[in-house]
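Only one structure is covered here, and it is reproduced in the block below.
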Amino acid sequence: EPEVTQTPSHQVTQMGQEVILRCVPISNHLYFYWYRQILGQKVEFLVSFYNNEISEKSEIFDDQFSVERPDGSNFTLKIRSTKLEDSAMYFCASILSRTSPNEQFFGPGTRLTVL
Amino acid sequence: AQTVTQSQPEMSVQEAETVTLSCTYDTSESDYYLFWYKQPPSRQMILVIRQEAYKQQNATENRFSVNFQKAAKSFSLKISDSQLGDAAMYFCAYRSTKAAGNKLTFGGGTRVLVKP
């Protein structure tokens, strides 16, 4: 069964450092998403991506964040200068079509710890 | 903007019994999708069940069923014959059919504890 994969599973970084979280969405999917979940809180939408551009982003997704699909398979989330409050679980998700009733398929997540 | 509310932070159920999780949402749209996701301790997000707003029939997946009340904007999840493996966080989620990115909006979650 196809699945979304994410690497690394756990990333520890120092405040102010740049991190790149990687995702490989399901191969024929067209829409890609990043969500985050601070420990003990709900899952929050960060950004959606389609046709090589951002289609929607939340207030959380400020200038410190960027996304790209560099090679047609990977979908990355970059945080330029990490803050303590960026510590969270980051989930990548993908879906075939925006009109599909099917669910977004989630990856297993990357736990980001900022020290 | 759409909001999703889960009013029960935690629910406890005896093994083999039934538990119902509440979810309400706020939207001005008439067409949308609703989902229940399960998040076990591994924190993987797993789809439990989905409901299309235009369908009047409540969705069912094995031991999981929903009570979708569109006018009341309510979408509760019933877990029948609860099993130890059902213990997890459960998140209700809303997805518009119109928004550009079709993001999921999640509720705050309900932790389900299953007692043997």
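Some notes on this structure:
- From A:S87, A:S66, A:S58, residue being more than 21 Å from B:G108 (Cβ to Cβ) and not hydrophobic (A, V, I, L, M, F, W, C): A:S66
- Scanning segment A:1-19 for residues that are among the hydrophobic types (A, V, I, L, M, F, W, C) and surrounded by 14 or more Cβ atoms within 10 Å (Cβ to Cβ) yields a count of 2.
- Out of B:S42, B:S82, B:S28, sole residue that is in a loop (DSSP other than H, G, I, E, B), out of contact with any helix residue (DSSP H, G or I) (no Cβ under 8 Å at 6 or more places or on another chain), away from every other protein chain (no Cβ under 14 Å) and closer than 24 Å to A:Y33 by Cβ: B:S28
For every residue, the table says whether it meets (1) small (G, A, S); (2) closer than 19 Å to A:F106 by Cβ.
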site: B:V19; (1), (2): no, no
site: B:Y37; (1), (2): no, yes
site: B:Q44; (1), (2): no, yes
site: B:Q51; (1), (2): no, yes
site: B:T60; (1), (2): no, no
site: B:S80; (1), (2): yes, no
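- Scan of segment B:49-63 for residues that are within 14 Å of chain A (Cβ to nearest Cβ) and either touching an Asp or Glu at 6+ places or on another chain (Cβ under 7 Å) or within 18 Å of B:Q8 (Cα to Cα) (or both), ordered by number: B:I49, B:R50, B:A53, B:Y54
- One residue stands out among those in segment B:101-116 that are surrounded by fewer than 22 Cβ atoms within 10 Å (Cβ to Cβ) and of a type in the set (D, E, K, R): the one that is farthest from A:W34 (Cα to Cα), which is B:K115.
- Every residue from segment B:30-59 that is under 15 Å from A:V43 (Cβ atoms) and either more than 11 Å from the chain's Cα centre (by Cα) or surrounded by fewer than 18 Cβ atoms within 10 Å (Cβ to Cβ) (or both): B:Q39, B:P40, B:S42, B:R43, B:Q44, B:M45, B:I46, B:L47
- Selected residue [more than 25 Å from B:Q6 (Cβ to Cβ) and either exposed (fewer than 14 other Cβ atoms within 10 Å of the Cβ) or modelled with pLDDT of 90 or more (or both)] from A:S87, A:S97: A:S97
- Condition met for B:N67 (farther than 19 Å from A:A93 by Cβ, touching a strand residue (DSSP E or B) at 6+ places or on another chain (Cβ under 8 Å), not aromatic (F, W, Y) and not in a loop (DSSP other than H, G, I, E, B)): yes
- The set of residues in segment B:8-29 being surrounded by fewer than 16 Cβ atoms within 10 Å (Cβ to Cβ) and touching a Gly at 6+ places or on another chain (Cβ under 8 Å) consists of B:P9 alone.
- Criterion (within 14 Å of another protein chain (Cβ to nearest Cβ) and either under 28 Å from A:S55 (Cα atoms) or surrounded by fewer than 20 Cβ atoms within 10 Å (Cβ to Cβ) (or both)) met by exactly one of B:K98, B:K70: B:K98
- A count restricted to segment A:24-53 and to residues that are surrounded by fewer than 17 Cβ atoms within 10 Å (Cβ to Cβ), more than 8 Å from chain B (Cβ to nearest Cβ) and within 29 Å of B:T5 (Cα to Cα) stands at 3.
- Picking from residues in segment A:43-100 that are in a loop (DSSP other than H, G, I, E, B) and of a type in the set (V, I, T), the one that is farthest from the chain's Cα centre (by Cα) is A:T99.
- Total residues in segment A:28-79, condition among the β-branched types (V, I, T), within 19 Å of B:L47 (Cα to Cα) and in contact with a Ser or Thr (Cβ under 7 Å, 6 or more places away or on another chain): 0
The values are calculated or read from the model by the stated rules, or taken from the named source; none is laboratory data. Note that the structure is a prediction, hence the values are computed from the model and not measured. Cβ coordinates were reconstructed from backbone atoms using ideal geometry, including for glycine residues, and neighbour counts include every protein chain displayed.
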